[in-house]
Each structure stands twice: as C-alpha cells, then as structure tokens.
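Encoded as structure tokens, the structure appears first; notes follow it.
Quick note: the coordinates plus some simple rules give every number you see, no bench work behind them. Predicted, not measured: the structure shown is a model, and the values here were computed from it. Positions of Cβ are backbone-derived with ideal geometry, glycine not excepted, and every protein chain shown enters the neighbour counts.
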Amino acid sequence: MINPPASFRWLRRVVLLVLAVFTLTPVAVMLSSSLKPLQDVQGPWRWMPSHLTLRPYVDIWKTVPLAKYFTNSLIVAGSATGLSVLIALLAGYAVSRYRFRGKKVFTITVLSTQMFPGILFLLPLFLIFVNIGNSTGIALYGSRGGLILTYLTFSLPFSIWMLAGYLDSIPRDLDEAAAVDGCGPIRTLVQIIVPAALPGIIAVAVYAFMTAWGEVLFASVMTNDQTRTLAVGLQGYATQTDVYWNQVMAASLVVSLPVVAGFLLLQRYLVAGLTAGAVK
Amino acid sequence: MPEKVIDRQAAGTGKEAAPQGAAPARRRLRDKFGRGALPYLLLLPALLAELLIHLVPMVTGIVMAFKQLTQFFIRDWSSAPWSGFDNFEVALEFNAPVGKALLHSFWVTCMFTVLSVGLSWLIGVTASIFTQDAFRGRGLLRAAFMLPYALPVFAAVITWSFMFQRDTGLINHVLHDQLHLTDDKPFWLIGDNSFWALLTVSVWKSWPFAFLTLTAGLQNIPRELYEAAALDGAGVWQQIRRITLPSLRPVNLVLVLVLFLWTFNDFNTPFVLFGKSAPQAADLISIHIYQSSFITWNFGQGSAMSVLLLLFLLLVTAVYLFATNRRREEAE
C-alpha cells in the first residue's frame, strides 16, 4: 500500500492482533496445561498452573505406550516420505522432460484423485487389504507396510505436480550439457537435476511428511495395537474414564514438535515449491 | 508411439551427442529402451501406487455400491449378491430414516462448507493484505499465522476439544465466568452448539493455507501499480479494490476450489473433536458415511453413499471450472 492513512494503520494493528490471539490461543493452552498438576485441569479453567510441574511430560509415556506410537509414526511417516519423494521425482522428471502418449491422461487422472473423498477409498481399500492378506498371506491390513503404501500414495499427486513444475523451471541447457558429456537420462537425473531441484525436493518431503504424520481416518481403521500411530494413539488419554488433560496437552506438544520445527525451518522451500507448482 | 522430446528445445539427453566409441552395446540398449519406454519406466512406480491405492479401490467402491455387501460377505466380498440400484434407492429415500439422515447430513455439510470456506478466505485475504507492507516483527507474525497449518490435525483439534469442555474449558470460562455473556455454561461438543464449535476449529485450521497461498500471490503484483494508482489519487481502499483483489483472481480460483473440496470431505476435524459419534448438528457427510458403514457393517450401503458424494463433487467441480473459464474468456 502507498501512503496508508492512520485509520488504516490502526485497523491493521487491531485486526492482526486479534488474529494472532485467535491463532495462538490453542498453543498457549497446550503449553500452559502441559505444565499443570492434574487437579488444575479437573476444576474450572485457569490460565496459569497453580504450581509448575513437569510430571505430565514423564507420565505421558506410561499412561499409554506413547513411545511405541511415536516409533510407529516415525517409521510410517519417514518411509512414506522417502518413497513418495523418490517416486514423485521419477514421475515428475518424466512429465517435465519427455513427451509421450498418455501424458495428459496421466496428469489429469493423478491430479483428480485429489478430489475424491477419502471415505470412498477407505471401505474398498480395507476389503482389498483384507482379501490380499487372506489369499496371499501378505499382511497389509494392520501392518505398517499397508499404511506406508497408503500414505505415500496420498502425497504423490500433489508431489508429482509440484516437482514437475519445479523441474520445468530448471533450464534444459543443464540437461544438454550433461548429454554432451555423455550422461544418460538416469545419470543426468541423479547428478544434474537432483542437486538443482533440491529446494523443490525438500518442499515435497515436508509436505509428504506432514500428510503422513497427521492423517487420522486411515490410521484409525488400518492399524492394530502393535502398529497404532500417534494420530490414533493420542486419543488413548481421552477415552479412559478420567481424562488426563494435562497429559493430553503435554503429549500433543511433544508429537507436534518434530513437524512444527521441520515446517518452520523449511517453510520457505514449501512456499517456493508451492509457487513454482502454481505458476505452471 | 511415444517419442522423446525433440521439439522441446534442448531436451536431448545424450543419444544424438554421445561420443562415437563409448560402449556401443550399452548405447544400443539405451536407444532401444530410452526412446520409447523410458518415460513409462519412470512413471511405473507412481502408476502402480496410484492403481493399488486410488484407482482400483475407487472402481471396487463403485462395484460394491451395487452389491448387498453386509458383514456376512466381508471375507469374500465378490460372493455378495448383486442388488442393482437398491443401495442407492435406500440412500435417496428421503422419507425413510436412512435417506432422511443422509439428506440432513448433506445440508449440514453444505452450510458448514460455505461458511468455513468463506470465512477462511476472508481472514486469509485480510491477513495477507495487512502483512504486505514490511514492519518490525512481520516474519514472526507470519510464522505464527502458519502454525495451525503446521500442527498435526489430531494434536490441534484435541486441544480445541479441551477448550470447549463445559466445566473445565477455556471458552466457557471466558464467556460465562469472565464476560457473563451466558446465563449458564453451555455445552459445546453436544447439541446445536457443536456446529459452531466445529466451524471455529475448521476456520482456525484452514485460513492459514489461504493466507500462505494469497501471500505468495501478492508477491507477483508489481509495486509500480500501487505507485501509479497513488499518484492518480487513489486511496488505500481503492488500491485494494482496483489492484489487489483483481490481481488475486487467478489464485482465488484455485484456492477456493481446493478449500471447498478439503472442507467438504473433512473427516479428521469432526472425528477428533467429537469422537466416533458426531452430534446431529455437526454430522458431516464423511463421518456420517463412516458411521453408517462401520457401525452397521453394511459396506454396500456406505459405498453407494460415497458414490453419490463423489458424483456431487464432480458436478460442482465441473460447473465451477466451466463457469470460471467462461467468465475468464468473456473478460479477455
């Protein structure tokens, strides 16, 4: 804006302040409640703990097997991210650098899957996994493998789209130079394209990890006691007769840390990747 | 036959320019596969994953909708008897309980989506315009605004459900104990209020994405435009109305569609907020279908409802794309 009058500047201050309060209140609730003794969260709400305690952070690991859920989430989200980035990179490279029959059908089909309600896949996928297990003995239902496969596919469409857009912005002169040096397509991809596309790849990885870390619907149906992830496990504090809200808040904070830290560190890559994909 | 890109400038990856003597056998192999099959090989993993997780289940889901697929046939669903359009008829029989509940859930979802998308967009556009000019602490504020997007859904929504608790929550403490706005402490997670609770959480969670996208969009508007307008005597509001908002149109088109689809299909928020049984007033369609499938184990019925939902979304998306395309063509 050029020359905003004082009224505009005041309005701006007030609105941004209100929005900051709206946005940060749950975070403040999480932080404050996670440091409260149990009686503080069983009575009327209080902003500050009656006395500070770190007990909730100790107890969360005992009330429910949080460490196990944490490990499961790390394995599932980590593997899904790695595989999704690799697969999306190959596909994005093909879409960006080659012309082939069915390219348009491929991109449209893949993108349109984004639109379909998860509930439509859930029931058939559940049955398909159960039936594959019954007929071949490959346990997908209830296993981490099944969940990894599901999550990597969830982030694929958007990742392919974003990476293809990003690769398009990398000058083809680079490919050409590599070709002159005698590089084949795969070596060009690994040695030339990947380093140049690293910001885009990081953006896709952040997105894929967040998708897998936060998903609830499929996690609640496709896992069992052994493979349960945080998304379902966190409700363990809330379904018992007593709700240990201070522990729920402590656990929420702990499970949020990896993604929030990663997101804040890498957000400019995500924004850049989003913009590159959207410009296309 | 698939071809390598020749016309796309400088897309060559080596065949033409490869040195003559270098490993002729390998080169021949590469020529044979590289020319035609390589792009398909690169796509193969993505294709397989999409087939197994998205496309085959979708087709299966559509087939299931025409079957009498109750709990007796879960182990071998292909043996379930065909039922024609029975499942659809039950779902669309709005005078009978099943259809009536589905229609109710549909209206609730429509109301919820319109309000949530509208408010998220409005807050997103306001915040992005207000943070366009640099000021001290802007980076920090932007990071704070993006927090709801970064937090895992389940952790954030469970915090909201704590805030909405009747006796121990923050909301009632502020509204009743501190501001004395209500005669009695209202329930937020059961009854009619649950709609507003759900809407609040949904807007809190969605607007940062609008903010992120619109902030990126604002960076493409050249500053000279504003300067020229200011020289012509345009005030701040006119700058916003005549320059900012029209420039954001292409971003808005995609953003609103994406927000609509996400919000309409939202399952995670009500599921974490209310647990397995959402109250009537906040019975979103995804959770409604989930409940009617997994409580009654009537997967055929649930699939028919999912197919109807898909058809509705396809229709809305098609109309939206058609209408916005035509408006763009008229504008040009």
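Which order do A:Tyr93, A:Tyr141 fall in if you start with the one that has the fewest other Cβ atoms within 10 Å? Working shown, then result.
Numbers: A:Tyr93 25, A:Tyr141 21.
Placing the least packed residue first, the sequence is A:Tyr141, A:Tyr93.
How do the peptides B:157-164, B:176-183 rank, highest first, by the average count of neighbouring beta carbon atoms within 10 Å per residue?
B:157-164, B:176-183
With the cut-off at 26 Å, tell me which of the pairs B:Lys67/B:Lys100; B:Lys100/B:Lys276; A:Lys36/B:Lys185; A:Lys68/B:Lys276; B:Lys185/B:Lys276; B:Lys100/B:Lys205 have Cα atoms farther apart than that.
Beyond 26 Å between Cα atoms: B:Lys100/B:Lys205.
With springs connecting C-alpha atoms under 10 Å apart, model chain B as a Gaussian network and identify which of B:Gly118, B:Gly36, B:Gly302 has the largest mean-square fluctuation.
Between B:Gly118, B:Gly36, B:Gly302, it is B:Gly36 that shows the largest mean-square fluctuation.
Enter the mean number of other protein chain beta carbons within 10 Å of the beta carbon of each residue in A:122-135, as an integer.
The shielding value for this peptide is 6.
Can you check what the net charge comes to around A:Ile201, using other residues whose Cβ is under 15 Å from the Cβ of A:Ile201 (Lys, Arg +1; Asp, Glu -1)?
With Lys, Arg at +1 and Asp, Glu at -1, the neighbours total 0.
Which Cα, out of A:Gly43, A:Pro124, B:Leu103, lies furthest along the positive dipole direction of the protein assembly as shown (beta carbon charges, K/R +1, D/E -1)?
Working it through, the farthest residue towards the positive pole turns out to be A:Pro124.
From the residues A:Ser135, A:Gly82, A:Val29, which one has its Cα farthest along the dipole of chain A in the positive direction, the dipole being from +1 and -1 charges on Cβ of Lys/Arg and Asp/Glu about the Cα centre?
A:Val29
Going by average Cβ neighbours within 10 Å, how do the peptides B:133-141, A:186-194 rank, with the highest at the top?
Going by the mean number of other Cβ atoms within 10 Å, highest first, we get A:186-194, B:133-141.
For chain B, set up a GNM with springs between Cα atoms under 10 Å and report which of B:Pro45, B:Pro250, B:Pro208 has the largest fluctuation.
Highest fluctuation of the listed residues: B:Pro45.
Taking the Cα centre of segment A:55-279 as origin, work out the dipole magnitude from +1 charges on Lys and Arg Cβ and -1 charges on Asp and Glu Cβ, in debye rounded to 20. Please report the intermediate quantities before stating the final value.
Working: 13 positive and 9 negative charges, 46 e Å.
It comes to approximately 220 debye.
If segment A:33-129 were replaced by its equivalent ellipsoid, with semi-axes equal to the square roots of 5 times the Cα gyration tensor eigenvalues, what would those be, largest first, whole Å?
Over the Cα atoms of segment A:33-129, the semi-axes work out to 47, 17, 16 Å.
Mind checking Rg over Rh on segment B:70-204, alpha carbons, Kirkwood formula for Rh?
My calculation puts Rg/Rh at 1.14.
Give the angle, between 0 and 90 degrees and rounded to the nearest 10, that separates the Cα long axis of helix A:66-97 from the longest principal axis of the Cα atoms of chain A.
20 degrees
Computed FRET efficiency, Cβ-Cβ of A:Gln226 and B:Asp133, R0 56 Å: what is it to the nearest 0.05? Don't skip to the end; give the middle numbers.
Working: r = 53 Å, r/R0 = 0.96.
Between A:Gln226 and B:Asp133 the formula returns 0.55.
Taking just the C-alpha trace of segment B:86-331, give me its Rg and Dmax in Å.
Answer for segment B:86-331, Rg first and Dmax second: 21.3, 68 Å.
Compute and list, largest first, the equivalent-ellipsoid semi-axes of segment A:191-252 from the alpha carbon gyration tensor, each √(5λ) rounded to a whole angstrom. Walk me through the intermediate numbers first.
Details: eigenvalues 249, 40, 11 Å².
Taking √(5λ) for each eigenvalue gives 35, 14, 7 Å, largest first.
Stretch B:Phe94-B:Leu311 to full length: gain in nm at 0.36 nm per residue minus the Cα-Cα span? Could the numbers behind the result be given before it?
Values: separation 217, 0.36 × 217 = 78.12 nm, distance 1.79 nm.
Extending this stretch completely gives an extra 76.3 nm.
Based on the alpha-carbon gyration tensor of segment B:283-332 and its eigenvalue square roots a ≥ b ≥ c, which shape applies: rounded if a/c is under 1.5, prolate if not and a/b is larger than b/c, or oblate? Could the numbers behind the result be given before it?
Numbers: a/c = 8.62, a/b = 3.79, b/c = 2.28.
Verdict is prolate for segment B:283-332.
Quick one, could you list the DSSP H helices from chain B stretching 30 Å or more along their long axis (Cα atoms) with average Kyte-Doolittle hydropathy of -1.0 or above?
Counting only whole DSSP H runs, the qualifying helices are B:97-130, B:194-218, B:299-331.
Label points 7 Å out from Cα along the Cβ direction at A:Leu86 and A:Lys103: separation in nm?
Distance between the two pseudo-spin positions: 2.6 nm.
What is the magnitude of the charge dipole of chain B about its Cα centre, with +1 placed on the Cβ of each Lys and Arg, -1 on the Cβ of each Asp and Glu, and no other charges, expressed in debye to the nearest 20?
Charge dipole, chain B, about its Cα centre: 1440 debye, nearest 20.
Using only alpha carbons, build the gyration tensor for chain A and give me the equivalent ellipsoid semi-axes, biggest first, whole Å.
For chain A, the ellipsoid semi-axes come out as 40, 30, 17 Å.
With Rg and the Kirkwood Rh both taken from Cα atoms, where does Rg over Rh land for the protein assembly as shown?
Numbers: Rg = 26.1 Å, Rh = 26.5 Å.
Across the protein assembly as shown, the Cα-based Rg/Rh ratio is 0.99.
If I take every Cα pair under 8 Å that is 6 or more residues apart in chain A, average their sequence separation and divide by the length, what percent do I get for the relative contact order?
About 29 percent, as a whole number.
Quote to one decimal, in nm, the extra length available between A:His51 and A:Leu38 on full extension: 0.36 nm per residue of separation minus the C-alpha distance between them.
This chain segment gains 3.6 nm when fully extended.
If contacts are Cα pairs under 8 angstrom and at least 6 residues apart, what is the relative contact order of segment B:86-331 in percent?
This gives 29 percent for segment B:86-331.
Is there a quick way to get the dipole size of the protein assembly as shown? I mean about its Cα centre, with the Cβ of Lys and Arg at +1 and of Asp and Glu at -1; what is the value in debye to the nearest 20?
That gives a dipole near 1460 debye.
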